[in-house]
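Take a look at the structure set out below.
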Amino acid sequence: MRAMLLVNPKATTTNARTRNVLLRALGAAVELAVEETAYRGHAATLAATARAKGYDLVVVLGGDGTINETVNGLLNPVNGAPEPLGDDPSMSRPALAVIPGGSANVFARALGLPNNPVEATGAVLEALREGRRRTVGLGQALWEGESRYFTFCSGMGYDAEVIRAVEGLRGTGRKATPARYVNTALRHYLATDKRRPAMTLTGPGIPRARGVFMAIVSNTSPWTYLGSRPVQPTPWAGFETGLDLLGLRRMGVMALLPVIRHILTQRDSLPSGKHLVQLHDEAEFTLTADRPVAFQLDGDYLGEREAVTFRATPNALQVLV
């Protein structure tokens, strides 16, 4: 089996010694080519090259951002080549294996992989020996002639504003720890105007919902983690279903606190309230704002957008788990 390993050398939870151990273990099991990412978007280019050259497997050692880039490289046709027809398009692409190396590692943990990179490598090698694969669906966001796939979540509004603020702190050399996200979220909430741009939710067969100030779009659950604690605003979301959504039409303290408490403590039920907008297993919907709002995919801030359409992409990838 020919495999390409994409390594983010800046991955926050690995060091050179750990990476060398993982390289030797993987190299003993497959015919391995190793590539290090050097700039933003590089993993997508390398993954697209692996697909064009007929690699059987792409392994990613990095965080959710590197994984997202890799997934987009695997799914976007090279040089505009058409996708093969068939009921399971995932079979036409290299399989994917992920080894967590970031601060949250939501996608890897949602797949049931250990959060430790050495233990996750052992799980991937076991799946390789036993031929274990899982077919997963992805989400896709489309806006202004652009599109991008996401593995676990997207969002418009307050959550994307927090990610934007944390990315600014990371640019000054500070790490994106769970505590930093919580502190940043609290400070941002207290310091900013609660009268954010309102969004309208529309979609085929979906009742129009106006006045949404924050929207979380999920492809699986959990949405994220606070250390070891899963955060589950859409607990029924899964890789085998369409997209889920939780929208908030009020951002006051009395409206937010019960929702926060529920998504941190309840795993099998939805938060409730007339100020909430909820969708489950939907193929497509659109969020349109009064004016541009913050937008994120898989924890990566992508600027401000006025309208984004979200689509479910079933049978997108084969993943070793």
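Every number in this text was worked out from the coordinates using simple rules, so none of it is lab data. Just so it is clear, the structure is predicted and the values come from calculations on it, not from any experiment. Here Cβ is always computed from backbone atoms with ideal geometry, including for glycine, and neighbour counts include all displayed protein chains.
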Positive dipole terminus of the chain, leading residue within Met251, Ala312, Gln140 (C-beta point charges): Met251
Given charges at beta-carbon only (K, R positive; D, E negative), |dipole| of the chain in Debye: 1040 debye
Unit charges on C-beta of K, R, D, E only; dipole of segment 142-313, Debye: 800 debye
Top of Leu287, Leu256, Leu276 by mean-square fluctuation, Gaussian network on the chain, Cα under 10 Å: Leu256
Among Pro197, Leu46, Leu111 the positive-end extreme of the charge dipole of the chain (Cβ point charges): Pro197
Percent RCO, i.e. relative contact order, over the chain, from Cα pairs under 8 Å lying at least 6 residues apart: 21 percent
Mean Cβ count within 10 Å, highest first, over the residues of peptides 277-285, 212-220: 212-220, 277-285
Beta bridges by DSSP in the chain, antiparallel share as percent, to the nearest 5: 75 percent
Of the trypsin sites (Lys or Arg not before Pro) in segment 16-74, those whose Cβ has at most 14 other Cβ within 10 Å and which sit in DSSP loop: Arg40, Lys53
Highest-MSF residue in the chain out of Pro117, Pro258, Pro94 [GNM, Cα springs under 10 Å]: Pro258
Inter-site label distance for Ala52 and His280 at 7 Å from Cα along Cβ, in nm: 4.4 nm
Protection proxy ranking of 180-187, 246-253 - average other beta-carbon atoms within 10 Å, highest first: 246-253, 180-187
Using a Förster distance of 35 Å, the FRET efficiency for Leu264-Glu31 (Cβ separation, nearest 0.05): 0.20
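Do you know the relative contact order of segment 2-131, to the nearest whole percent, from alpha carbon pairs under 8 angstrom that are 6+ apart?
Details: 189 pairs, mean separation 37.3, N = 130.
The value is 29 percent.
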Rel. contact order, % - alpha carbon contacts under 8 angstrom, at least six apart, segment 142-313: 28 percent
Given charges at Cβ of Lys, Arg, Asp, Glu: the chain dipole, positive-most of Gly242, Asn20, Phe285: Asn20
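If a/c stays under 1.5 just call it rounded; otherwise compare a/b with b/c (prolate if a/b is bigger, oblate if not). Do that for the chain, with a ≥ b ≥ c from the square roots of the Cα gyration tensor eigenvalues. Intermediate values should be presented prior to the final figure.
Values: a/c = 1.83, a/b = 1.49, b/c = 1.23.
It comes out prolate by the Cα gyration axes.
Placing unit charges on C-beta atoms (Lys and Arg positive, Asp and Glu negative, everything else neutral), compute the dipole magnitude of segment 2-131 about its Cα centre in debye, rounded to 20.
Here the size comes out at about 420 debye.
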Max mean-square fluctuation residue, GNM over the chain, Cα-Cα springs under 10 Å, options Tyr55, Tyr158, Tyr39: Tyr39
Cα gyration tensor shape for segment 142-313, rounded if a/c is under 1.5, else prolate or oblate: rounded
Paramagnetic label zone (point 7 Å from Cα along Cα-to-C-beta, Lys10; backbone N under 20 Å) in segment 297-318: 297-303
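Using only the alpha carbons of segment 56-181, what is the convex hull's orientation-averaged projected area in square nanometres?
9.8 nm²
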